[in-house]
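Before any comments, here is the structure.
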Amino acid sequence: MGDAIFKIPTPLMLDKIVTSMDTLYAQMSQIKSSDIRGDVYEYLLSKLSTAGVNGQFRTPRHIIRMMVDLMEPAPDEVICDPACGTSGFLVAASEYLKENRKEEVFFNRQNQDHYMNHMFHGFDMDRTMLRIGAMNMMTHGVDNPFIEYRDSLSDQNPDREKYSLCLANPPFKGSLDYDSVSTDLLKICKTKKTELLFLALFVRMLKVGGRCACIVPDGVLFGSSTAHKAIRKELIENQRLQAVISMPSGVFKPYAGVSTAILIFTKTGHGGTDNVWFYDMKADGFSLDDKRSEVKENDIPDIIQRFRNLDGEADRKRTDQSFFVPKQEIVGNNYDLSINKYKKVEYVPVEYPPTEEIMAELRELEKKIQIEMDTLEKLLKL
């Protein structure tokens, strides 16, 4: 709790805070599936004039949950989020294990000790975020999460080949002290763009066989700079890139309207990319405007079901919502990972009636309008 300031100036203010907290806890007991603590902090963050200056955008909880469901964490994982914020990804991973692997985690002393003390690691550069994140993990039943202040991209972060799973939504913008960026990250891609440096960082932090699911802005997929091409080449040639899930631009509203995608890859150190699976997400269960109200259209269950059964995806055509693209084709396209480069659109020819018929209809309409105008004129004269 270093640097924490706790100042309540009047007894009345204390009374209001305690009453509000009671209401919050009552809500939390009713909505057990929600991460209310993270929501409260991020709501306050959205109201601040500085929101988003450091790239602190809220990752929607259903997107976090989808990524965790796609990765299916095991009881022996060592999980890291190097830009953890309120620890949303770590909380979701802990909840997934509770729901799906409860017996393996909690009825095995060794696994339980690992879950409580060694499984979850998170770093951030905002001390307020760290306090919220650590408290969030503890109140979700993880006794001793490793959440610490660290500039993940600098030499402050010595981690190499340490984690088996990385889940993250790294900042797409914000302040970056270029001089402090770790030199081994700059070797992979020499850039000031944080989203590219974080991809290089995931590769460095993962063990061989470790997996990563992360959110990146669309520019990472098709950017033409040397650094953009270098990081895509690294993932395709030296690691095993498995999937690119393209998300609609409204997913991060009202915080930002940026188009994003989820990259899923495994660290091999020796390549292994053969076919990359692309999915074009069109709906996430919420409207894609600033209101983000619930709607029926939702591709998330379909994405999870298809990803878990990739063998059944081989015969899909490029006009479908998901399909495979062979590595050679991606290499031939300058390592471009934009889905629009490979997706084919079927144009259905529209047949219109002959010009004579359209003109005849227009004449008929004109006659009706004239009759109505005459009737209106008579009524006005009365």
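The values are calculated or read from the model by the stated rules, or taken from the named source; none is laboratory data. Computed from a predicted model, the values in this text were never measured in an experiment. Neighbour counts are summed over all protein chains in view; Cβ atoms, including those assigned to glycine, are modelled from backbone coordinates with ideal geometry.
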Considering only residues that are farther than 16 Å from PRO248 by Cα and among the polar types (S, T, N, Q), look in the stretch 51-69 and name the one that is modelled with the lowest pLDDT.
-> ASN54
Qualifying positions in the stretch 226-254 - surrounded by fewer than 19 Cβ atoms within 10 Å (Cβ to Cβ), out of contact with any Leu (no Cβ under 9 Å at 6 or more places or on another chain) and not in a helix (DSSP H, G or I) = PRO254
Which condition number in (1) surrounded by fewer than 17 Cβ atoms within 10 Å (Cβ to Cβ); (2) touching a residue at least 40 places away in the same chain (Cβ under 8 Å) is the one that PHE265 fails?
-> (1)
Between a first residue in the stretch 60-81 that is farther than 26 Å from ASN108 by Cβ and a second residue that is surrounded by fewer than 20 Cβ atoms within 10 Å (Cβ to Cβ), which pairs have beta carbons less than 6 Å apart while being 6 or more apart in sequence or on different chains?
-> MET66/ILE300
Based on what the data block shows, is PHE198 of a type in the set (Phe, Trp, Tyr), free of Cβ contacts under 8 Å to residues at least 60 places away in the same chain and surrounded by 15 or more Cβ atoms within 10 Å (Cβ to Cβ)?
-> no
Restricting attention to the stretch 211-220, does a residue exist that is over 13 Å from the mean Cα position of the chain (by Cα), assigned to a strand (DSSP E or B) and either in contact (Cβ under 8 Å) with a residue 60 or more places away in the chain or crowded, with 21+ Cβ neighbours inside 10 Å (or both)?
-> yes
Would you call GLU313 surrounded by 10 or more Cβ atoms within 10 Å (Cβ to Cβ), in the same structural domain as TYR279 (by TED's automatic domain parsing) and either within 30 Å of MET281 (Cα to Cα) or over 53 Å from the mean Cα position of the chain (by Cα) (or both)?
-> yes
Wholly within the stretch 83-128, helices (runs of 4 or more DSSP H) carrying at least 2 residues that are surrounded by 21 or more Cβ atoms within 10 Å (Cβ to Cβ) | 88-100
Among the residues listed as MET129, MET135, MET125, MET119, the single one being on the phi < 0 side of the Ramachandran plot and more than 22 Å from the chain's Cα centre (by Cα) | MET135
Are any residues in the stretch 69-101 within 15 Å of CYS214 (Cβ to Cβ), acidic (Asp, Glu) and out of contact with any strand residue (DSSP E or B) (no Cβ under 6 Å at 6 or more places or on another chain), and if so, which ones?
-> none
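To keep it simple, each residue is scored yes or no on (1) touching a Pro at 6+ places or on another chain (Cβ under 6 Å); (2) loosely packed, with under 10 Cβ neighbours inside 10 Å; (3) of a type outside the set (S, T, N, Q).
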residue	(1), (2), (3)
GLN305	no, no, no
ASN309	no, yes, no
ARG318	no, no, yes
SER322	no, no, no
VAL325	no, no, yes
GLU329	no, no, yes
ASN334	no, no, no
ILE339	no, no, yes
THR355	no, yes, no
For the stretch 346-375 the number of residues that are part of a loop (DSSP other than H, G, I, E, B), acidic (Asp, Glu) and more than 30 Å from THR319 (Cβ to Cβ) is 0
Scan the stretch 203-254 for residues that are among the hydroxyl-bearing types (Ser, Thr, Tyr) and farther than 30 Å from PHE286 by Cα and jot them down.
-> SER224, SER225, THR226
